[in-house]
1. Being open to solvent by 10 Å² or more (accessible area, probe 1.4 Å), at pLDDT 85 or above and farther than 22 Å from HIS250 by Cα: is that true of GLU74 here?
2. So LEU252 clears everything in (1) farther than 23 Å from LEU134 by Cβ; (2) at pLDDT 95 or above; (3) surrounded by 18 or more Cβ atoms within 10 Å (Cβ to Cβ) except one condition, right? Which one?
3. Looking at (1) β-branched (Val, Ile, Thr); (2) over 20 Å from the mean Cα position of the chain (by Cα); (3) modelled with pLDDT of 95 or more, which is the one condition that is false for THR49?
4. Mind listing whichever residues of segment 152-172 are over 29 Å from PRO213 (Cβ atoms) and exposed (fewer than 13 other Cβ atoms within 10 Å of the Cβ)?
5. Please verify whether TYR177 is open to solvent by less than 70 Å² (accessible area, probe 1.4 Å), among the aromatic types (Phe, Trp, Tyr) and closer than 17 Å to GLY152 by Cβ, treating the condition exactly as stated.
6. Filter segment 136-151 down to the residues that are open to solvent by less than 20 Å² (accessible area, probe 1.4 Å) and either under 20 Å from ASN206 (Cα atoms) or in contact with a Ser or Thr (Cβ under 6 Å, 6 or more places away or on another chain) (or both) and list them by number.
7. Mind checking which helices (runs of 4 or more DSSP H) fall wholly inside segment 225-327 and carry at least 2 residues that are hydroxyl-bearing (Ser, Thr, Tyr)?
8. Hey, can you tell me all the residues within segment 250-303 that are among the basic types (Lys, Arg) and without any contact (Cβ under 8 Å) to a residue 60 or more places away in the chain?
Amino acid sequence: MKINVNVMWDFRELMACNGRAARIWSSVVIYSNLELVMLLEWWSGTECTLFSDEATVKTFGKEHVIIILNHNFEIDFLCGWTMTERFGVLGSSKVLAKRELLYVPLIGWTWYFLEIVFCKRKWEEDRDTVIEGLKRLSDYPEYMWFLLYCEGTRFTETKHRISMEVAESKGLPKLKYHLLPRTKGFTTAVQCLRGTVSAVYDVTLNFRGNKNPSLLGILYGKKYEADMCVRRFPLEDIPQDEKEAANWLHKLYQEKDALQEMYNQEGIFPGKQFKPPRRPWTLLNFLFWATVLLSPLFTFGFGVFASGSPLLILAFLGLVGAASFGVRRLIGVTEIEKGSSYGNQEFKKKE
């Protein structure tokens with residue numbers, strides 16, 4: 001199914017002009033994200049533990065920030081959403097995302113109206129789009145968390161091997177647990193949002209027991225234990241010069257690699273442990289929509305089959321099939337083995 005992006009753009013502009021409609025639509029979008037967070041928090045019971053310091057934790061949800069998260073796991077985005085929800089900034093969380101996600105049921109369609117910045121991962125084509133999207137966020141009225149996956153794609157052994165070949169050719173230290181970070185998105189975000197964001201949060205995620213969780217596992221109710229090491233860097237500590245800022249990012253990833261090595265050896269990140277309590281809103285949101293939507297749906301389905309009309313029954317089954325396909329498509333884009341080939345060759349190209 002293809003989406004007419006121009007039509008979506010016109011619709012988003014129309015929504016922006018109508019404050020009440022925009023607020024209503026934003027609420028619908030946030031509720032859909034809450035459904036996925038509910039699956040992690042309440043259905044699977046996955047635990048999320050932060051490793052940081054008290055001063056950093058006290059700033060959560062109280063300032064504009066750029067977040068850098070490693071991209072090694074299928075549900076890393078969902079762990080991030082959980083933290084934003086617990087600190088009350090899920091609705092104002094943004095991300096620099098690949099454009100392919102725009103066509104994914106639920107996530108892509110709703111992200112578009114949340115002012116998510118989409119890119120094709122080709123800087124020559126993305127430059128103007130990314131800068132325009134970042135400028136729209138420069139005067140965002142609520143505290144905003146802007147997420148960057150600086151590696152550009154999920155970690156696989158093939159992508160890692162190619163990435164380290166590039167690191168060697170550029171004289172950069174090799175990384176064991178990460179791909180070489182792409183610097184353009186980071187340096188551009190820092191330049192465009194300087195004066196808006198207060199800090200950069202570096203987040204390094206891992207799972208206890210050397211587990212590799214999946215969204216399908218969450219749907220099956222599997223429980224995981226996520227550990228997230230969070231470090232805060234004031235934005236004024238990041239160089240304004242683009243080349244120096246890029247070097248700062250490479251050094252950061254060397255530190256992230258050391259943190260992952262420590263975790264693999266000791267099973268723990270440095271810092272004090274914090275377990276932000278899960279809030280009831282995700283569960284209440286699910287129960288509300290289940291009551292409002294599922295009860296009439298079951299009643300309608302029963303009526304369709306009771307009618308004995310082959311046409312109505314086929315139409316209803318087609319609707320159910322389309323919904324199932326949409327859910328499977330959503331799961332598919334999170335699966336690492338079905339991920340894009342981006343990074344298998346692109347690392348060999350000049351940034």
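The values are calculated or read from the model by the stated rules, or taken from the named source; none is laboratory data. Nothing here was measured: the structure is a model prediction, and the numbers come from that model. Here the Cβ is made from the backbone with ideal geometry for all residues, glycine too, and neighbour counts use every protein chain on show. The accessibility values were calculated without ligands, DNA or RNA, using every heavy atom of the protein model including side chains. Shrake-Rupley method; radii C 1.70, N 1.55, O 1.52, S 1.80 Å.
1. Details: open to solvent by 10 Å² or more (accessible area, probe 1.4 Å): yes; at pLDDT 85 or above: yes; farther than 22 Å from HIS250 by Cα: yes.
The answer is yes for GLU74.
2. All conditions pass for LEU252, except number (1).
3. Among (1) β-branched (Val, Ile, Thr); (2) over 20 Å from the mean Cα position of the chain (by Cα); (3) modelled with pLDDT of 95 or more, the lone unmet condition for THR49 is (2).
4. If the condition is that a residue be over 29 Å from PRO213 (Cβ atoms) and exposed (fewer than 13 other Cβ atoms within 10 Å of the Cβ), then GLU168, SER169, LYS170, GLY171 are the ones that fit.
5. On the way: open to solvent by less than 70 Å² (accessible area, probe 1.4 Å): yes; among the aromatic types (Phe, Trp, Tyr): yes; closer than 17 Å to GLY152 by Cβ: yes.
Yes; evaluated as a whole, the condition is true for this residue.
6. Initially, segment 136-151 is screened for residues open to solvent by less than 20 Å² (accessible area, probe 1.4 Å), giving 137, 144-146, 148, 150-151.
Across segment 136-151, the qualifying residues are MET144, TRP145, LEU148, CYS150, GLU151.
7. Details: elements: 242-266, 281-289, 295-307.
It comes to 242-266, 295-307.
8. First, the residues of segment 250-303 that are among the basic types (Lys, Arg): 251, 256, 272, 275, 278-279.
Matches in segment 250-303: LYS251 only.
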